[in-house]
Amino acid sequence: MTSNKFVNGIYSLGSFMIEMIKLQFWGIVYSFKGFIVLGIFPSISAIFGLIMYNLRREDESLTHIYNADRFKKYYAENFKQSNILGYLSLAAIVFIYVDLRVSQYFIGNRYLHFFLILIMVFVLSIVCYIFPSIVSFDLSVKDHIKQAFFLALCSIKETIAALLGIGVAIFIMTIFPIMYLLLFVPMYIFPIAWFGDIAIKNLMKRNEEGISNKKGSVSRS
């Protein structure tokens, strides 16, 4: 590494892109390992796990994200819950999407259509936090859904930021179509993981402050 900040920045960006390509490649490999149907969501979970693990390191290094052993660990330990919650999330999105199309082409009620759009936005907000919850907490399937629900309610700024990040990723990949082949999955996951991690830290901080306040009120009484 040189002392030139610009050169160091380019080097770090290049290293980061290589790590994203590795995550894309191994995500595809492990998706096939689970015969696609059972492999795609555990692979997504493993990518989330690796990104969020590195975000939580003291040096927050994003130039050495991929780790084969850790990828296998996240893939294996979250295999069942990732599939259950992944397909539940997919089913919810498809169900509401079909309702939106029925509303648009057959019912034509603008108020119903607007209501369904709001529901879709809220469901997508909850889905954004499903995988960050899976890789962060040891919970049951039902409790992961509850946790994602609370995170969506309490983290509106982070949700908007994640969606904007996805928009930026789409814009970049539109300009450079080759990136769809190399970075399609990690480029979508990264902003959700980044701001999902911030949302989880903020929620845990609020919970700790709430517990401290309760202890304080008890001691004063």
Practice item. Keeping all protein chains in position, work out how much accessible area residue 206 exposes to a 1.4 Å probe, and write it in Å² to the nearest 10. Key: 100 Å²
Study note, to complete from the structure: In nm, the gap between the two label points placed 7 Å beyond Cα toward Cβ at residue 5 and residue 104 is 4.6 nm
Exercise for review: Pick out, from 107, 87, 75, the residue whose Cα sits farthest towards the positive end of the charge dipole of the chain, with +1 on the Cβ of Lys and Arg and -1 on the Cβ of Asp and Glu.
Suggested key: 107
Revision key, fill the gap. With every protein chain in place, the accessible area of residue 122 for a 1.4 Å probe, in Å² rounded to the nearest 10, comes to 80 Å²
Point to revise | Candidate lysines for bridging to residue 72, where Cα separation is under 23 Å - those fewer than 8 sequence places away on the same chain excluded | key: 22, 33, 80
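Mean separation of Cα pairs under 8 Å and 6+ residues apart, divided by the residue count of region 59-213: what relative contact order is that in percent?
This gives 20 percent for region 59-213.
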Check your understanding: Distance from the Cα centre of region 159-203 to that of region 71-127, in angstrom?
Key -> 18 Å
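Probe radius 1.4 Å, ligands and nucleic acids left out: which of 121, 185 has the largest accessible area, and how do the rest follow?
Numbers: 121 80, 185 50 Å².
Putting 121, 185 in descending order of accessible area: 121, 185.
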Practice item. Whenever you get a sec, line up 143, 138 from highest to lowest accessible area (probe 1.4 Å, protein heavy atoms). Key: 138, 143
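So how much slack lies between residue 184 and residue 72, counting 0.36 nm per residue of separation and subtracting their Cα-Cα distance, in nm?
Working: separation 112, 0.36 × 112 = 40.32 nm, distance 2.06 nm.
Value of the extension gain: 38.3 nm.
With every protein chain kept in the model, how would you rank 118, 181 by accessible area, 1.4 Å probe, largest at the top?
Details: 118 90, 181 120 Å².
The residues order as 181, 118, largest area first.
Run the numbers for residue 122 and residue 141: contour at 0.36 nm per residue of separation, minus the present Cα-Cα distance, in nm. Could you put the intermediate results ahead of the total?
On the way: separation 19, 0.36 × 19 = 6.84 nm, distance 1.90 nm.
This chain segment gains 4.9 nm when fully extended.
Count the net charge of all other residues whose Cβ sits under 13 Å from the Cβ of residue 155, scoring Lys and Arg as +1 and Asp and Glu as -1.
Details: positive: 157, 201, 205, 206; negative: 158, 197.
Residues close to residue 155 contribute a combined charge of +2.
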Practice item. Identify which of the listed values of Cα extents along the principal axes in Å was calculated from the structure shown: (i) 62, 58, 35; (ii) 52, 38, 27; (iii) 56, 47, 30. Key: (i)
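What is the extension gain from residue 201 to residue 15, computed as 0.36 nm multiplied by their sequence separation minus the C-alpha to C-alpha distance, in nm to one decimal?
64.3 nm
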Study note, to complete from the structure: For the chain, whose charge dipole is built from +1 on Lys and Arg Cβ atoms and -1 on Asp and Glu Cβ atoms, the candidate among 131, 35, 203 with its Cα farthest towards the positive end is 203
Practice item. Mind grabbing the accessible area of residue 62 for me, 1.4 Å probe, Å², rounded to tens? Key: 30 Å²
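The values are calculated or read from the model by the stated rules, or taken from the named source; none is laboratory data. This one's a predicted model, so the numbers in the text were calculated from it and none came from an experiment. Cβ atoms come from the backbone with ideal geometry, glycine included; neighbour counts cover every protein chain shown. Accessible surface is based on the protein model in full, side chains and every heavy atom, while ligands, DNA and RNA are left aside. Shrake-Rupley method; radii C 1.70, N 1.55, O 1.52, S 1.80 Å.
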